[in-house]
Amino acid sequence: MADSANQGGARPTGRKLAQAASAGHVTKARKGRNSRTVKDGKRPAGRESKQADAAASGRRRRINYPRAGKGPIHRWLPSWRFVLGTFLFLIVLAVAGFTAAYALIKVPEPSEFAQAQTTTVYYADGTTVMGEFAEMDRTIIDTSELPDYVGNAVVASEDRSFYSNNGIDPKGIVRAFVNNMRGGARQGASTLTQQYIKNYYVDTTSSYSGKFKQAIMAIKIDREMSKQEILDSYLNTVYFGRGAYGIEAASEAFFDHPASELTVSEAALLAGVLPSPSSLDPALNPDQAAVRWQRALDFMLEDGYITQEEYDAAEFPETVATQTKETYGGSTGYLLQMVRAELESDAGMEAEDIDTGGYKIVTTIDKEDQDAAVAAVENLPEGASPNLHVGLVSIDSSTGGILALYGGEDYLTNQVNSSTDAVAQAGSTFKPFAMVAALENGDTLANGYNGDSPMVIDGATFQNYQNVSYGWSDLVKATANSINTVYLQLNRDVRPDVTNEVAVRAGYPEDTLGLDAYVQNVLGSASPHTVDIATAYATFSAQGTRHDTHIVDTVTNSAGSVAYTGPTDGEKVFSDDVMADATYAMQQVVNSGSGTTALALGRPVAAKTGSSSDNKSAQFAGYTPQIATAVTLYQTGEDGSEESITPWGYYGEITGSTYPADIFTEYMTTALADLPVEYFPERTAASYYAGGLYGTPAPVAPADTSTGGDITTEEDAEEPLEEETDAEEEADAEENEQQQNPDDQSTGGVGQNDDSGGTGGSFDPGTGGTGNTGGGTVPEDGSDQNDDSGNGYGYGPGGQGQGRQQGGNNQGGGQ
């Protein structure tokens, strides 16, 4: 059968080939080298040997490749079954791999970088921007409230299939892959969703593995979020150039207005710069920027996002000049640095959180007051030493909030805040603390000492300013004229450590430089910051209630919740009576002493001037019932040490009554402009009667009523005093009788018109109040103030009269 099978010349295949081989037959196809090898008695080698062995044994090969029994070409081509099987296997493998990847690749938490927002600092009105804290310029907004064409401009320019794709664009992937294989410009084929993921969740990467990861995440995000949510997040995170991240910051950076005011043309321009923000900025490459702008407009029209009319009306928009932000530039830099420091120390916020949290910080700084403070300093005459420094702090005495602060001309050139970092000797602004200590001890304003100069006290020689002797002086006169020798004796009796304790209670830090318990500390040897003096005087202004001085009012987080509120609760540290008497004495500094410059304010002001030895510093600190303000001038040498202030301009010597008083008055004119005139509480009845100073009898004072609260001007002082009227003499007699019997309230002075109390004096800054005195001593300058109603004030250059109604009896209290 075998012979007959081969007679026709047919080639045996498969099993027939094996049978033929076993029978010793050789086919035509096996002729040649194999035939010769067999004839030579040698075994075929390699793959052919294995094939021969398989054929000889009748076994089938596991992998029929190259395919046996095929021609020289076809034997190397896989069968259709093999191709189909491999294809199906790869599909199953791909599906399994994708399923596993989809399950394993999680959408991570948004990166800190993506969530970072600019923290904005505002003035007290909550709308005027003071500055910003940021690692990047970004303000996250609700973009769904923007005009539709803003987001659609980006869609048209960056991903026209955005609203229809599933997060990825297969056609784009294929197109980018082919282009990259051909060596063209590398393309990413990223959809808007993929770009958003790259910005919001993962680091930027151009590797294929990174793109695969982004694609998986894009599909998941597209299933989990709406298109509007994705677009919203994209618009808030993408970089537009000029340091601006997000559409809001970009709108401000390019057009100086919020994104809500973007026009169609402006939206198209911003969308056009996205592929390369640096090189497509119209300020750097206007021609290419115009091409991209036109492309975005064309796509917006084609895709139906704008009308033909809007398209035709569009013109290439003008952009503002690129600005380099200097957050801490100018005098505002000192305020911003204070805000940051307070957020870290008091609000417990980390520096990174401040820079990236997107907070709204409302400060206590009043914009008009701050401008007035800067202007008052800048209005000093030219010619001052370049080493002169000015500090100014103004505080709302009802809350402790800083209304204005001047720390220097430019924070970027000098980081030492002249109001909070630098210190200078307090001078005579320290004296009121000794007076308060004495009043708390039960002493009164009627107590006094010999005010001669020079004087030896505790073995050391001291003198008054310009070595003037004042004779016996009560505390009112000693305060008005800043008599050193009186206050040294007072401090000796109340004890210097007690005076220091009063200063600390009022607002001085316990570690104030030079706060030593020496008798001369009352002259201001301690060196506080200007803000410390202002804090202490704000306590006086609040009639003994101390508040924590602060600059931050509220902190609101990006979700709109208030995260922190500045402290406004106060602590009562001095009694009302002590404060009323101390304030009365300090009013006389303005009324008739070294602070008469502040009379220009036309309202009650209590103050104290101060000058250190050798005029190395000069202060003016004062307050009304609403505001306390301290001003300091000091001068430093080249090595930073204190040196005497070089006189210049209007004054031959710089003391607290010169430029510090000028700055105070100019600033307070603006700060008080919109505030009602308020009056301090009346001095106590006991303040008129002398008490013992630690057992030391008070000297008998000569008859002198000129310091009893009169407000005089230089013109008034030159005029002769009017003779006392019979009524005035009678009032004097009644006051003397009452001093003889102070417990008998029934003999108090009686108002001339009505002993039940008349109408309070009217306020007239030019002429003072009119009317009759409410009782007590009549001012010798002839100004008869009608104030026997108990609380009315007549205030002005003419004088000030007060009356007091106690227990139903009208007690004389004219001043």
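Where a number appears in this text, it was derived from the coordinates with a stated rule and is not lab data. What you see is a predicted model, and the numbers here were worked out from it, not measured in a lab. When we count neighbours, we look across all protein chains shown, and the Cβ atoms used for this are built from the backbone with ideal geometry, even at glycine.
Structural remarks
- Highest mean packing comes first when the peptides 138-144, 396-402 are listed by Cβ atoms within 10 Å, giving 396-402, 138-144.
- With R₀ set to 25 Å, the beta-carbon distance separating Gln308 from His257 gives a calculated FRET efficiency near 0.40.
- Highest to lowest packing among 218-224, 260-266, 539-545, scored as the average C-beta count within 10 Å: 539-545, 260-266, 218-224
- Among the listed pairs Lys367/Lys608; Lys198/Lys220; Lys477/Lys608, those whose Cα-Cα separation exceeds 22 Å are Lys367/Lys608.
- Cβ crowding within 10 Å averaged over residues, with 327-335, 244-252 ranked highest first: 244-252, 327-335
- Ser276-Ser345 FRET efficiency (beta carbon distance; Förster radius 41 Å; 0.05 resolution): 0.40
- Modelled FRET efficiency - R0 30 Å, Ser398 with Asn557, Cβ distances, 0.05 increments: 0.65
- When only alpha carbons are used to place a centre, the range 337-378 and the range 646-695 end up 29 Å from one another.
- Simple spin-label estimate for Tyr465 and Arg160 in nanometres, 7 Å along Cα-Cβ: 8.2
- Dipole axis of the range 364-709 (+1 Lys, Arg; -1 Asp, Glu on Cβ), positive-most option in Ala376, Gln425, Ala460: Ala460
- Modelled label reach - Glu145, point 7 Å along Cα→Cβ, the range 235-251 residues with backbone N closer than 16 Å: 236, 247-249
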